[in-house]
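Q: Shown below is the structure under consideration.
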Amino acid sequence: MITEPTLRPRRSAATDDRAPEDNSAVTNQTPTSDELWMEEALRCAQRALELGEVPVGAIVVREGKIVGRGWNRSIIDSDPTAHAEVAALREAGTTVGNHRLGDCELFVTIEPCAMCAGALVHARIKRLVYGSDDPKAGAVRSVMQVLNHPQLNHKVEVRSAVLGGRSAELLQTFFKNRR
Ligand code: ZN
């Protein structure tokens, strides 16, 4: 269920905390809307972390509104397919009432794996924005190229490295604490 269909990403705490007279110094660091949406994906990743899951979060945005949110639940659900992107796509499909999401963008904290990249193609997602590359399983460019494969018709606009440092930091914290 989407509880806040019109929620827009809030500005980061760092921005909120600044005094008005600091605004001139902040101007050239104003986050783009991609960064604001990524903040929301990072909040989803945080929820995975709190559940003891690999901290990856995703949201689907349509016409400036969040229509799906997801975070990893593979361990607690005993479901190998319960990745953040799949959960966000499922919720978006239900919200929109269509399995095709051609007017939607997906924001995810790390580069999608082969399964999720395949799901993005099935959904006909218009645009993908992700945080850090995944050198072990990334299927946009790091390990293989499922998205925008030359033999696939569907083309997805891709932007990477949006708040990538924050995504990577979350993952590093998780794996460090597990050792
Ligand atoms: Zn995946």
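Q: Filter region 43-90 down to residues that are closer than 20 Å to VAL156 by Cα and assigned to a helix (DSSP H, G or I) and give me whichever is farthest from the ligand (Cβ to nearest atom).
A: ARG90
Q: Can you work out which of the residues in region 102-123 that are among the hydrophobic types (A, V, I, L, M, F, W, C), free of Cβ contacts under 8 Å to residues at least 60 places away in the same chain and near the ligand (Cβ under 9 Å from one of its atoms) is surrounded by the most Cβ atoms within 10 Å (Cβ to Cβ)?
A: Going through the qualifying residues, I end up with CYS116.
Here is a yes/no grid of residues against (1) of a type outside the set (D, E, K, R); (2) at pLDDT 95 or above; (3) within 21 Å of ASP34 (Cβ to Cβ):
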| position | (1), (2), (3) |
| --- | --- |
| TRP71 | yes, yes, yes |
| THR94 | yes, yes, no |
| LEU106 | yes, yes, yes |
| THR109 | yes, yes, yes |
| GLY131 | yes, yes, yes |
| ALA137 | yes, yes, no |
| GLN145 | yes, yes, no |
| LYS176 | no, no, no |
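Q: Let me confirm something: among PRO20, PRO31, which residue is at pLDDT below 95 and in contact with a Lys or Arg (Cβ under 8 Å, 6 or more places away or on another chain)?
A: Answer to the selection: PRO31.
Q: Are there any strands (runs of 3 or more DSSP E) wholly within region 95-179 with 2 or more residues that are of a type outside the set (A, V, I, L, M, F, W, C) and within 18 Å of HIS83 (Cα to Cα), and if so which?
A: Counting at least 2 such residues, we get 104-110, 127-132.
Q: Something else: Return the only residue of ALA88, ALA82, ALA137 being among the hydrophobic types (A, V, I, L, M, F, W, C), touching a strand residue (DSSP E or B) at 6+ places or on another chain (Cβ under 6 Å) and within 24 Å of LEU51 (Cβ to Cβ).
A: Of ALA88, ALA82, ALA137, the one residue that is among the hydrophobic types (A, V, I, L, M, F, W, C), touching a strand residue (DSSP E or B) at 6+ places or on another chain (Cβ under 6 Å) and within 24 Å of LEU51 (Cβ to Cβ) is ALA88.
Q: Under the condition of being within 20 Å of ALA117 (Cβ to Cβ) and of a type in the set (D, E, K, R), which residue from region 63-83 is surrounded by the most Cβ atoms within 10 Å (Cβ to Cβ)?
A: Filtering first and then ranking leaves ARG69.
Q: If you don't mind, there's one more thing I want to ask. Out of all the residues in region 88-101, which are surrounded by fewer than 19 Cβ atoms within 10 Å (Cβ to Cβ) and among the aliphatic types (A, V, I, L, M)?
A: The one that is surrounded by fewer than 19 Cβ atoms within 10 Å (Cβ to Cβ) and among the aliphatic types (A, V, I, L, M): VAL96.
A quick yes/no check of all residues on (1) over 14 Å from GLY57 (Cβ atoms); (2) out of contact with any Gly (no Cβ under 8 Å at 6 or more places or on another chain); (3) not aromatic (Phe, Trp, Tyr):
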position: THR81; (1), (2), (3): yes, yes, yes
position: ALA87; (1), (2), (3): no, no, yes
position: ARG90; (1), (2), (3): yes, no, yes
position: LEU101; (1), (2), (3): yes, no, yes
position: GLU111; (1), (2), (3): no, no, yes
position: LEU120; (1), (2), (3): yes, yes, yes
position: ALA123; (1), (2), (3): yes, no, yes
position: LYS126; (1), (2), (3): yes, no, yes
position: SER132; (1), (2), (3): no, no, yes
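The values are calculated or read from the model by the stated rules, or taken from the named source; none is laboratory data. Note that the coordinates shown come from a computational prediction; the quantities given were computed from them, not determined experimentally. Ideal geometry is used to build each Cβ from the backbone, glycine not excepted, and the neighbour counts take in all protein chains shown.
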